Structures are given as C-alpha cells and as structure tokens.
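A quick write-up on the structure given underneath.
Bear in mind that the values in this text are calculations on the coordinates, not laboratory data. Nothing here was measured: the structure is a model prediction, and the numbers come from that model. Methodologically, a virtual Cβ is constructed for each residue, glycine included, from the backbone with ideal geometry; neighbour enumeration extends over all protein chains shown.
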Amino acid sequence: AERQAPRGKALPPGGPSVGQPRTGARTARAPSARTHATRGAMAQGAGGAGSAEVTGTTAATSVTDTMARTFSLESRHKSIEDLYHDTGDDKVVRNLTYDEVRREFPMVCYCSPDGPVKPCRFRPRGHRGRVPFKNKLIWSWPYFGWYALKYLKIGYMRKFYMDDYPKASLGIIAFSSVLSVLVDAFTDPKMATWTDNLRSKYGRRKPFVFAAGLFVPVTFVLSWLPLIVGSGLAASLWYGFFHVMYKLADTLFMIPLDAWGASLTPIYKERTNVWQCKDIVANVGILFGMAIAPIVFVSEQCSSTPDDSCVELPVIAVVFGLIFMHGCFQLCYWGKEQPYDPVATETQQGNSCGKFTEQDTIPMLISTFLNKPFRILLLTDIAKALGQEIPFNVLPFVTAWVIGQKCFASSIYFSVLVLLNLICGLIGVPCWNFLASKTNKYRAYFCFNCSLAVTSLAFIFVSYDDGSCTMSYLAIALSACWGFAYGGTFLLLDLLSDVVDYDELLTGGLRREASYMMAVEFVPKFMSIPGECVPFLMMAYSSYARPLPSAYKPTFGDTLSCSDAVCSAHYSNETLGAGWCSESLSCRDLVDAGVTFVCENALDDGAGECGIRQNSQVQWVLSLCFSLVPCCCILLGVLGLYFYPKNARTEAMQERVVQATSQLRRGNVVEDPWRPGSSIYPATPPTANAGALSYFTPRELRLAASSPPGPGGVANMAPMLRSTIILTVVFLVMIPLGCIVVALGLEDLSDDLGASVSPLGLMIVGVGLCGGWFNGVRIWACLECRRKGAQQHEVVAKYNQLCPFTGAPRLDPPGGAQ
C-alpha cells in the first residue's frame, strides 16, 4: 500500500533538512535504528577535527557495529533523493547539498511531479535522482560495437590466420600476444593517469572516447586484410603488428569509458543496474560478432577452404566498425560528465616534487594495490580472465579437433555453441542481478565464481564424437550452463565501483576511477600471457597438423561413400613429394606423428569429406586448456574472496563510506567503516617532498622513519635506497636471461608451426623490463629526496597518509614537528 501511494512534494532547494519528513508514501515510515545511529554519530563528529584529534578514535564517527548487523531483502535507497532523506544529512554525498549534487552527477535525472523538472515520458512519478534508461543506453551503446569486433577477432582470426591461406606461424602469433601485453604494461597506467587528471573543457573521458571512435575501426578492419602483404612470414608479421594496435585500441577505449560508468551515480543499487545494462549490451555485441553475423554471412570460402581469400569477415568488421563509431560519437554529443573536483585539483597541483608527483603512474599503482578489497577483487579477476579468455581462444580448435565434424561442421557448430552460450548469458544477467538485489553483491559474485568453476570443469567429460552425436549434444548442454553462469560478469565492476568510493575516503577526496578500472583490466591481461600463448606453443610442440588441402581430397557421391577406411586408404597412396597433406610434411609424416585420417560426415552437404584427427597430445592440450585449467584458476579466486572484508559486503556499509567521506570533507576524523578501529584523518597540506616520497611503500617509509635522522633532521634514505637497488638488480638480471631464451628459439620461430621458446623468453624480458623500470624510477626518486634533504617529519607524514590503506597506527612526528 505504501508503494502504491502517490509520491510527496519535491525536495526544497538545498535538499531536505536534517530530520525533515517527506509527505506522501514515505511519511508513515518511522526512522529506523540505523538512521538514529547515523544521525547520532554525525552529531558526535560535528564537533570539528580538533577535538577528534585529541581523543583519537573514540571521537571518530562510528556506527560500524550497527551497520554490520543490518540486512534487508529490500532495496534501501533507489535514488539520490531517498539517500538524502533517509540519512537525515543534507550533505551526505561528497559534502554537497541536494542542489549541488545535481551538477556532480549530470547523467542522473532529477525530474519529479512537483519539482522544477517535470517527469519524463513513461515515468509519471519522476526519476528523483536515478539514471534514466536512455542515458544508460547512450553510455553503454559503444560497448556493442567494441565487443562485436573483439569477439569476431577472438573467435575467428587466429584460426583464419593459422588454417587458411595466410598460413601464419603459431610461434609468431604467440610472440605477438606477449609483445602486445608488454606494450600494455606501459600504456595502460599512463592512460589511466592521463584521463583521471585531464583538465579539459570537454571533460576527462570524452576526448579519448572520440579518438577511439576513429582509431578502433581502422585497426580491426586492416587486421582482417593480410592479403595486402601475402601469406607466410609476411602475414604473421601483419597479424603481430595489428594485434599490438588492438591492445592500444583497448587501452584508448575501455579505460576512459569504464571510468565514466563508475561515476554515473553514487547509489548502490543503481550502480548494479548501470553495469547490468553495460553487460547486456556487451553480450548482445558478442552474440552478433561471434555467432549471428558469421552464421548468416560467412560462407564455406572463409570457414573450410584453406587455399583462397575471405571477403565476408573484413566486410563484417567494417559494419561493426561503423556501428562502434556511431556509438562513440553519439556519446560524445549527448553524454555529460561531472565537473572536475576543485578540491582534488588543488591537491593534485600541490603534491609535487619536481618531476615526481603523487598522481604519477607508480604512486597510483602502489596506493591502489594497498587497497585490500581491491587486491582481492583483482585476484578473482585474474582467475576469471584465465577462465574466460583461454576457453574462448581455444574453442574453435576444440570444436574442430576434440569433438570433430562427424555430426556438425565445426564452423557452424562453433557458432551454435557461441550463440547458445550468449543467449543463456543474456538470460543469466537479470537472474544474477536479482540475486544481488535479494542478498548483496558480494554473495552474488561469490556464487558466480563457483558456478563458473563448476561449469568449466564439466567440459572435461567432452571427447571425440564417433558419429553418435552424444558428445556434440553434451557440449551444447554444457555450453548453455556455462553461458548462464557467465552472465554474472558485471558484478565485478559493480563491486569495484564501491571500492572506488572507499578509495575516495582513504585518500581524502580523490576520485581515481580510471586507475582502478585500468588495474582491473590490465593486470589480468598481463598475468594471462601464459594463457594466450602457452596453449598454442604446446599445440606446436605436440605436432599440430594443419587441415588437408582441398585439391587432393577424393570426391564422394553415389559410387563412393565416405568412411574412415576409404580416407586412410586414399592418403596411404600418396607418392613421394606429391604434397597431398601439406607442402612441408608427407602423409606418412602425419601418421608417424599420431594423426589419423577420418571421414568428416557433416561436410560437403552431408556427403562427407576426408579430414584428419589430431594426435592424442594435441587433443589433451585443448581439452585441459578448455576445462581443468580455467576451473583451477577460478577456484583460486573463490578462495581469495573468502578474505574479502566482511564489513564491505553490504549496502549499508557502502552507504556508510559515502557518509564518512562527506564528514571527512568537513574536517572531521572518521572511523573506517570497512576496518573498525582504524581512524582516517582529513588531508593535510603536502610537504615539499611529498611527490617523491609517494614512490615508496609503507614498509619502506617505516624503515626510513625508524632510522636515526641526520643533521638538521634530514631523513636517512639509505634503507629505502638499498631495498630498491636490490629489486632493480634482480629484475635487470632477468633481461639478458630472457634474451638468451629468445635467441635460442629464433630459428624455430620461422618454421612452419613455429614451435619455439622465444615467446617464453620474451615474457621473461617483459617482466625484467617492467620491474627494472618500476624500481629504477624509485631509485631516482630516492636520490632526489636525498639531494633535496627530505626531512624526517616528511617521511612520517607520508607514512601516516598511507595508514588508512594498511590499518597500521600512525607515527608521532619526530621532535614535535608539525
């Protein structure tokens, strides 16, 4: 009855006053114990920072115990208006009034029947501080084109380059996969820092989205055109170059747009709906790019004939590229960004030391990785990346060589599996959203990871189909279950949006959405290098055989029926140097490697064609990479979720973070809602060397702070310098070792299959370069602090600034320094 009652009058200018009830449906609801506790805690914290500093954590605002016990099966706050009314705080979000918060979240609609903005069409009661579906769709529409292009590439490009006319080297493909991620290692953090700190009249995210609208389509279309350079080594290098460009396109587009989404609304439940909308649009894009478009438009020339060119796939890429361009330009025209935070801007401009600033890449990485909830989510994301990317990368090979083509042609069967997987994924998205709304995001995400692990492991029971179609139908059923489980992917970014709010509290007001979105995108990509290249290297070492040339296949009809025996007899009659099986290997060589000749009954309109069945080693490599390996990785992520802070798992505690941040901006000392007993102090003016000192971890700062200072109170930087030098030497030693491994495999890299250790050597070189750069810059920062005579109290101040991240007690300033 309350829900059906008419809404009351609009909020007065400046938002509701503390304790002021609204008329209408919600006036009959008495303030909850949570609201009384919140108001009492706020009143206690309103005494100012001075008294709070005297009494320490006792005077800090604290309702943690009450919040931790709060659990409801109903949505607490569905709009910004609800949040302002129910908390009784007229500046609950970022210390802004209700009128001021409208400028902070411009994509939110504040229409209401009695307000200055009249209700939108189909919303007679008004949005009252929600993100309209139209704005969610405008923001998420570019994801459709991106994911269509991306999964068209993931699903078809590698197999096209390897088994069709380009005849690319597996080793070079694996090598380029490693190289592209190493490029990401340097571009992703820079992009995150750039877009977070950009000061432009067009906004922080729009310029990059506009540039992506031009760069992304060109990159994807050209990557499908190796015919420009020819086959063999040239096509392999063409693939490698545009695979690196693809990673740069990912950086240019995904980091700014994800960061934009994380700042659309401060409401816990509304964020879930925002990321759900993104996930639905992305899944529809994958559906069209990986299933519908190839099934409808791709002919046998692209999928089964290895001796000529393919026209349809580049044309499909052009169409999806134009759709992507439309989405980006439309968002840039209609989308609105929040104004740049002047408080954060002043802080960023002040915290510098020559060439070293607190907003540089290395300090950003250090502080984000100190955030415990984020570290745990990152671990699960790394596991999910392996559980997601490896199966999709090897699925085209699984359908062709593990299951075979006796019942279904692999190209059609692959598209059917993907189509069913994505349709079930779309069905699963609202189901996972419902579970999150009825329990909480954490529990839903935990269940999502468990279900993904179980469904991945189930594929271990899929083997070669002998023509009875049992295995083919089993794989179809498992693919549907896997897709439904995969529908909860959006919950990760949903949780991460709450972690960004928590980071704003820990840093005293900085909004670093892109830095967190970058880390959650980049680190899994870097850690999944083995998953991208090792399966293909193992296939090459296991004597992977390419498909048979069509020119020498026998023709079957009324007079000759296709069977395994007929195919084996045909290829056993190959004459020396005839090239019936490949240009480099004879049919006898394939048989000696364990390959058998079979009749693929589903091809040639059911008449059948002769084909091959890979040896058992290749089949096991594909089967394990598709099932057991992803399952084990995902289970590691599930184990990590057990350590996710209990106080961070509910909606009530996320709202407590928002309230605490507002109190912190007023100059009050607050208690960390997610770490009871730990106090967070308002930001203090940066010291002269704060920028250079931000390049060090709390442990290193503690070592310097505990060492006896030099003359004039100069900090002893020797412990910090010693630890960074040791780490730099360790990483630099890896570079020549990796180069040796690369050199040992260069000759094999140019072979037909490219069974080379060079990609593994490049991985070692990449780790050495990244670690050497990271610690080398920190040595430079340490020498800069020594040259400028950084004071002991500056080191202590920087350590205390990081104490909210670690929960460690603050250090007293040396000698009474302020």
Checklist outcome for this item: So for R0 = 45 Å, FRET eff. of TRP773-SER563 from the Cβ-Cβ r, to 0.05, ends up at 0.15
Item to check | Where labels lie 7 Å past Cα in the beta-carbon direction, separation of ILE726 and LEU214 in nm | outcome: 5.0
Item to check | Net charge dipole size for the stretch 678-782 [Lys, Arg +1 and Asp, Glu -1 on Cβ; Debye, nearest 20] | outcome: 820
Item to check | Proximal lysines relative to LYS553, as straight alpha-carbon distance under 25 Å, when same-chain residues fewer than 8 apart are discounted | outcome: LYS159, LYS167, LYS406
Item to check | Viscosity 1.002 mPa s, 20 °C: Kirkwood-radius Stokes-Einstein D of the stretch 102-163 over Cα pairs, µm²/s | outcome: 148
Next on the checklist: Test of understanding: what is the full-extension gain from LYS355 to ARG375, defined as 0.36 nm times their sequence separation minus their Cα-Cα distance?
Outcome noted: 4.4 nm
Checklist entry - What whole number of Å gives the distance from the Cα centroid of the stretch 634-689 to the Cα centroid of the stretch 174-245? => result 36
Next on the checklist: Let me spell out the model: positive unit charges on the Cβ of Lys and Arg, negative unit charges on the Cβ of Asp and Glu, origin at the Cα centre of the stretch 183-315. What dipole size does that give, in debye rounded to 20?
Outcome noted: 920
Checklist outcome for this item: Residue separation between VAL296 and ALA688 times 0.36 nm, minus their alpha-carbon distance, gives in nm 134.7 nm
Checklist entry - Straight-line reach from LYS798: which lysines have a Cα under 25 Å away, not including same-chain ones fewer than 8 places off? => result LYS190, LYS355, LYS372, LYS788
Next on the checklist: Starting from a Cα-only point model with no solvent, please compute log10 I(q)/I(0) by Debye for the stretch 677-735 at q = 0.31 1/Å.
Outcome noted: -1.26
Checklist entry - At a Förster radius of 30 Å, what calculated FRET efficiency corresponds to the Cβ-Cβ distance of TYR202 and HIS326, to the nearest 0.05? => result 0.95
Checklist outcome for this item: Rounded to two decimals, the Debye log10 I(q)/I(0) of the stretch 469-550 (Cα scatterers, no solvent) at q = 0.16, 0.19 Å⁻¹ is -0.92, -1.01
Checklist entry - Kirkwood Rh, the stretch 640-722, all Cα pairs: how many Å? => result 15.9
Checklist entry - Which entries in LYS150/LYS247; LYS206/LYS269; LYS153/LYS278 show an alpha-carbon gap greater than 22 Å? => result LYS206/LYS269
